[in-house]
Amino acid sequence: MEETTKIIECPRDAWQGLPDFIPTDYKAEYLQELVIAGFRHIDAVSFVSPKHVRQMADSEEVMTKFTASLPPNVKPPEIIGIAVNKKGLERALATPGVTTIGYPYSVSAYFRRANANMTRGESRALVEKLKKETVAANRGLVIYISMAFGNPYDEPWGPEIVADTLEWLKNTRVRTVSLADTAGTATPEVVGDLYRQVKGHVAGIELGVHLHSRPENAEEKILAAYEAGCRRFDSALTGLGGCPFAGDNLVGNIATEDVLAALGKAGADPGIEPARLSKALEMTNEIRAKYAHAPLVN
């Protein structure tokens with residue numbers, strides 16, 4: 001019997017570092033095409049300073065155009081909007097169509113300071129505020145634990161640190177968490193072993209993975225997570241989107257096509273038919289060519 005898994009398509013993560021600005025109308029059209037292709041969970045936008053992430057400066061406009069373009073007979077998908085501070089949270093909650101707020105919580109002090117200029121206490125206080133505000137607004141909340149599978153900054157790291165973070169999130173009543181291999185350096189063995197070691201700490205939490213990888217290692221990492229019990233996977237069509245922390249320009253998002261193929265081999269039902277992806281893949285390759293200056297992916 002096939003087991004259902006959840007795929008979270010991540011155009012936001014694919015687009016945010018691209019050198020050229022993708023037009024707002026095209027972003028909205030792309031999101032609509034993802035819904036037509038069958039995606040029910042989309043990490044679509046972020047509410048951060050345009051000074052730091054110019055590509056996401058039009059998140060409100062993208063969502064306005066996207067929600068207006070959905071046919072009346074189509075159920076709106078879960079839309080994740082990333083917020084990294086109180087102002088971003090306010091913007092996200094004020095944007096129609098954003099159903100879930102996402103926040104990257106780092107177990108690396110260096111990474112947390114470099115990206116959010118926050119202490120551990122300040123970051124945890126923000127998570128608590130996010131939980132309170134999303135409950136009041138009837139929105140969902142997903143916390144990403146960055147550097148979950150390893151730390152390239154020569155800081156303390158281990159399954160016990162991840163487990164402690166999960167226990168704290170559980171006590172904060174967070175119910176969706178994604179473990180992120182931020183630098184893309186984890187081996188399949190590390191992915192599987194860590195997931196097995198920490199999953200006992202998350203009764204009542206949906207625990208997923210947001211993995212980065214070289215293309216040739218992607219399937220092994222996906223299967224390692226799946227065999228360890230993971231049923232929630234973040235990915236991006238064609239693997240668009242690099243990882244600036246890896247020091248390897250071949251490391252980036254895992255391609256959704258690879259996730260679907262790997263899960264199919266494992267006997268799982270990803271809920272997405274590869275045959276329906278042709279238009280979305282065509283648009284992704286157009287984005288690659290026009291805005292990322294990257295080779296097309298077949």
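Is it the case that some residue within segment 30-52 is in contact with a Ser or Thr (Cβ under 7 Å, 6 or more places away or on another chain) and assigned to a helix (DSSP H, G or I)?
There is at least one residue in segment 30-52 that is in contact with a Ser or Thr (Cβ under 7 Å, 6 or more places away or on another chain) and assigned to a helix (DSSP H, G or I).
So residue 87 clears everything in (1) within 20 Å of the chain's Cα centre (by Cα); (2) part of a helix (DSSP H, G or I); (3) modelled with pLDDT of 95 or more except one condition, right? Which one?
Unmet condition: (1).
Applying the selection to segment 250-298, what residues are β-branched (Val, Ile, Thr) and over 15 Å from residue 34 (Cα atoms)?
Listed by number, the residues that qualify are 251, 254, 259, 297.
Please verify whether segment 40-50 includes one or more residues that are surrounded by fewer than 17 Cβ atoms within 10 Å (Cβ to Cβ) and touching a residue at least 60 places away in the same chain (Cβ under 8 Å).
Within segment 40-50, one or more residues are surrounded by fewer than 17 Cβ atoms within 10 Å (Cβ to Cβ) and touching a residue at least 60 places away in the same chain (Cβ under 8 Å).
Residues in segment 57-107 that are crowded, with 22+ Cβ neighbours inside 10 Å and over 26 Å from residue 121 (Cβ atoms): how many?
6
Out of segment 108-120, which residues are surrounded by fewer than 18 Cβ atoms within 10 Å (Cβ to Cβ) and touching a Lys or Arg at 6+ places or on another chain (Cβ under 9 Å)?
Selection gives 109, 119, 120.
Name the single residue, out of those in segment 9-27 being buried (at least 21 other Cβ atoms within 10 Å of the Cβ) and part of a helix (DSSP H, G or I), that is farthest from the chain's Cα centre (by Cα). Please lay out each step first, then the result.
Step one: of segment 9-27, the residues buried (at least 21 other Cβ atoms within 10 Å of the Cβ) are 9-15, 27.
Filter once more, keeping what is part of a helix (DSSP H, G or I): 11-15, 27.
Details: 11: 9, 12: 8, 13: 7, 14: 9, 15: 12, 27: 17 Å.
If we take residues in segment 9-27 being buried (at least 21 other Cβ atoms within 10 Å of the Cβ) and part of a helix (DSSP H, G or I), then 27 is farthest from the chain's Cα centre (by Cα).
Could you tell me which numbered condition residue 43 fails, if it satisfies all but one of (1) more than 19 Å from residue 177 (Cα to Cα); (2) at pLDDT 95 or above; (3) within 18 Å of the chain's Cα centre (by Cα)?
Going through (1) more than 19 Å from residue 177 (Cα to Cα); (2) at pLDDT 95 or above; (3) within 18 Å of the chain's Cα centre (by Cα) one by one, residue 43 breaks only (1).
So which residues in segment 16-41 are acidic (Asp, Glu) and closer than 14 Å to residue 61 by Cα, if there are any at all?
Answer for segment 16-41, where residues must be acidic (Asp, Glu) and closer than 14 Å to residue 61 by Cα: 25, 29.
Contact list please: Cβ distance under 7 Å, first residue in segment 261-290 and touching a residue at least 24 places away in the same chain (Cβ under 8 Å), second residue among the aromatic types (Phe, Trp, Tyr) and surrounded by 15 or more Cβ atoms within 10 Å (Cβ to Cβ), pairs at least six apart or on different chains.
Short answer, once both residue conditions are applied: 263/226; 266/226; 268/226; 272/39; 283/30.
So if I check each of 137, 183, which one is modelled with pLDDT under 90 and of a type in the set (Gly, Ala, Ser)?
Working: 137 fails: modelled with pLDDT under 90.
That would be 183, the only listed residue that is modelled with pLDDT under 90 and of a type in the set (Gly, Ala, Ser).
May I ask you to verify whether residue 111 is over 30 Å from residue 158 (Cα atoms) and hydrophobic (A, V, I, L, M, F, W, C)?
Considered against the rule, which asks whether it is over 30 Å from residue 158 (Cα atoms) and hydrophobic (A, V, I, L, M, F, W, C), residue 111 comes out as no.
Name the residue that is surrounded by the fewest Cβ atoms within 10 Å (Cβ to Cβ), counting only residues in segment 121-138 that are polar (S, T, N, Q) and under 20 Å from the mean Cα position of the chain (by Cα).
123
Do any strands (runs of 3 or more DSSP E) lying entirely in segment 139-225 carry at least 2 residues that are among the small types (Gly, Ala, Ser) and buried (at least 20 other Cβ atoms within 10 Å of the Cβ), and which ones are they?
It comes to 176-180.
The values are calculated or read from the model by the stated rules, or taken from the named source; none is laboratory data. The structure presented is a predicted model; accordingly, all values stated were derived computationally and were not measured. Quick reminder, even Gly has a Cβ in these numbers, built from the backbone with ideal geometry, and neighbours come from all protein chains shown.
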